[in-house]
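What follows is a set of notes on a single structure, which appears directly below.
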Amino acid sequence: MKLYGATVSWNVTRCVVALEEAGAEYQIVPIDFATAEHKSPDHLACNPFGQVPAFQDGDLHLWESRAICKYVARKHKPDLLREGNLKESAMMDVWLEVEANQYTAALNPILYQCLVSPMFGGTTDQKVVEENLEKLKKVLEVYEARLAKHKYLAGDFLSLADLNHVSVTLCLLATPHASLFDPYPHVKAWWDGLMARPSVQKVAALMKPSA
Amino acid sequence: MATSAVKVYGWAISPFVSRALLALEEAGVDYELVPMSRQAGDHHRPEHLARNPFGKVPVLEDGDLTLFESHAIARHVLRKHKPELLGTGNLEQAALVDVWFEVEAHQLSPLAIAIVVECIFTPFLGRERNQAVVDENVEKLKKVLEVYEARLSKSKYLAGDFLSVADLSHFTIMHCFMATEYAALVDALPHVSAWWEGLAARPAAKKVAEFMPVGTAGASKKHD
């Protein structure tokens with residue numbers, strides 16, 4: 001299996017978490033944005049939107065990090081998806097969507113302002129950061145209530161829904177807002193549990209977020 | 001087998017609520033739409049927050065399952081009643097369904113929704129249309145639709161030669177988009193256009209279109 005992209009991208013590392021958890025054999029192939037490699041015919045054959053990550057398993061070309069993660073899980077660790085159980089897979093799908101539409105939707109602008117913009121010589125727009133921190137706190141209140149009732153998001157089993165949060169949350173730790181989870185003890189416990197997993201430790205080392 | 005009532009909570013004019021309704025219609029499942037009022041703030045009331053702590057619509061109740069997020073609801077309904085629409089049982093097919101399902105959510109819909117909000121919904125939001133926002137999103141959408149055109153010239157549907165939840169997931173957003181003058185973007189692309197017309201011709205789509213009377217703005221063509 002080949003994963004194309006740079007490990008500085010939290011969309012790329014979302015897939016690395018899944019690959020590690022699934023115990024899959026894979027290789028990360030860097031794509032150089034500086035030389036517009038992401039727009040090269042070879043890369044476009046893998047991801048027609050010219051983005052990363054892109055993924056290849058034999059003749060199968062996939063893109064969109066969450067679709068890649070699902071494929072990897074389905075092939076190597078289907079227990080993370082529970083597709084044979086209607087109720088469990090439904091809850092998993094709900095919290096997969098919540099990660100994308102509520103959690104990461106609020107976190108992305110914060111990460112962009114705090115980590116990406118400075119990398120390109122831009123400034124951090126504090127107003128955008130503050131607005132999204134407020135949104136994220138409301139989301140975390142819901143997570144706190146959920147995780148007070150269940151060990152993991154989809155229920156009492158670890159699923160892809162939990163794992164899909166890891167890469168963006170690791171990036172959060174590299175911003176000035178690393179202590180955001182502190183007021184939410186169940187969220188913090190959930191996160192600490194994820195951090196202790198060997199797969200997450202490996203990805204954290206790979207990402208080496210810059211200050 | 002006990003018949004459990006399936007209920008959907010929300011306002012059907014929302015393409016998110018209607019995404020859930022389309023899945024139910026395609027699945028041939030009996031359901032009840034429990035209407036809610038956005039204006040009255042029904043989604044902020046405690047009864048609704050107990051169903052969806054994020055205070056959004058749709059919510060689906062299916063027996064003892066309460067689900068939210070329209071994409072998750074659509075997947076559940078089809079997994080239960082029409083699993084072939086998820087590519088279930090075939091790793092490659094399921095993967096391609098997932099890819100195009102994500103493409104709808106992350107590449108196409110954000111752009112289409114921004115255009116639809118400016119062109120159709122600004123009067124309800126009490127403000128003027130922001131043409132700069134429209135123009136920016138139209139340019140991006142053109143590029144995205146080129147990718148769809150290339151894909152659909154190679155296969156009948158997005159995930160391959162079989163209809164899937166990836167195609168169906170596009171219907172309600174595109175129904176709104178096709179009511180704007182920017183429908184021309186789709187009309188200009190023969191394969192996207194044919195794919196769209198095929199989707200819109202499905203009995204389930206026609207039924208759901210009746211719940212979404214958005215066809216007042218801009219160029220159009222078919223009126224029943």
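The values are calculated or read from the model by the stated rules, or taken from the named source; none is laboratory data. The structure presented is a predicted model; accordingly, all values stated were derived computationally and were not measured. Here the Cβ is made from the backbone with ideal geometry for all residues, glycine too, and neighbour counts use every protein chain on show.
Descriptive notes on the structure:
- Scanning the range B:30-55 for residues that are in contact with an Asp or Glu (Cβ under 8 Å, 6 or more places away or on another chain) and under 10 Å from residue B:10 (Cβ atoms) returns B:36, B:48.
- Helices (runs of 4 or more DSSP H) wholly inside the range B:9-89 that include at least 1 residues being under 25 Å from residue B:163 (Cβ atoms), within 13 Å of chain A (Cβ to nearest Cβ) and under 20 Å from the mean Cα position of the chain (by Cα): B:15-27, B:70-81
- Hey, residue A:108 out of contact with any helix residue (DSSP H, G or I) (no Cβ under 6 Å at 6 or more places or on another chain), within 30 Å of residue B:90 (Cα to Cα) and within 14 Å of another protein chain (Cβ to nearest Cβ) or not: no
- Pairing each residue of the range A:194-211 that is on the phi < 0 side of the Ramachandran plot with any residue that is modelled with pLDDT under 95, provided the two are 6+ apart or on different chains, yields C-beta distances under 6 Å for A:206/A:7; A:207/A:7; A:209/A:174.
- Any chance residue B:46 is exposed (fewer than 13 other Cβ atoms within 10 Å of the Cβ) and modelled with pLDDT under 95: no
- Residues (crowded, with 19+ Cβ neighbours inside 10 Å, of a type in the set (D, E, K, R) and within 9 Å of another protein chain (Cβ to nearest Cβ)) located in the range A:75-99: A:83, A:93, A:97
- In the range B:25-43, the residues that are among the charged types (D, E, K, R) and surrounded by 12 or more Cβ atoms within 10 Å (Cβ to Cβ): B:25, B:26, B:38, B:42
- Screening the range B:148-192 for residues that are over 18 Å from the mean Cα position of the chain (by Cα) and of a type in the set (S, T, N, Q) and picking the one that is surrounded by the fewest Cβ atoms within 10 Å (Cβ to Cβ) gives B:153.
- Qualifying residue in the range A:7-28 (condition: in a helix (DSSP H, G or I), more than 17 Å from the chain's Cα centre (by Cα) and surrounded by fewer than 18 Cβ atoms within 10 Å (Cβ to Cβ)): no
- Verdict on residue B:95 being in contact with a Lys or Arg (Cβ under 7 Å, 6 or more places away or on another chain) and surrounded by 22 or more Cβ atoms within 10 Å (Cβ to Cβ): no
- Residue selected from the range B:119-150 under the condition in a helix (DSSP H, G or I) and acidic (Asp, Glu), by the criterion farthest from the other protein chains (Cβ to nearest Cβ): B:135
- The condition of being more than 14 Å from chain A (Cβ to nearest Cβ), buried (at least 23 other Cβ atoms within 10 Å of the Cβ) and within 30 Å of residue B:140 (Cβ to Cβ) holds for only one of B:103, B:116, that being B:116.
- Selection within the range B:90-100: residues that are assigned to a helix (DSSP H, G or I) and not hydrophobic (A, V, I, L, M, F, W, C). The member of this set that is farthest from the other protein chains (Cβ to nearest Cβ) is B:93.
- Failed criterion for residue B:89 (all others in (1) at pLDDT below 95; (2) surrounded by 14 or more Cβ atoms within 10 Å (Cβ to Cβ) hold): (2)
- Counting only residues that are more than 10 Å from every other protein chain (Cβ to nearest Cβ) and not in a helix (DSSP H, G or I), the range A:41-65 holds 4 of them.
Every residue, every condition in (1) farther than 25 Å from residue A:172 by Cα; (2) at pLDDT below 95, yes or no:
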| residue | (1), (2) |
| --- | --- |
| A:20 | no, no |
| A:35 | yes, yes |
| A:44 | yes, yes |
| A:52 | no, yes |
| A:65 | no, no |
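- For residue A:39: the one exception among (1) under 18 Å from residue A:168 (Cα atoms); (2) free of Cβ contacts under 8 Å to residues at least 40 places away in the same chain; (3) basic (Lys, Arg): (1)
- Residue A:102 at the interface with another protein chain (Cβ under 10 Å from one of its Cβ atoms) and surrounded by 19 or more Cβ atoms within 10 Å (Cβ to Cβ): yes
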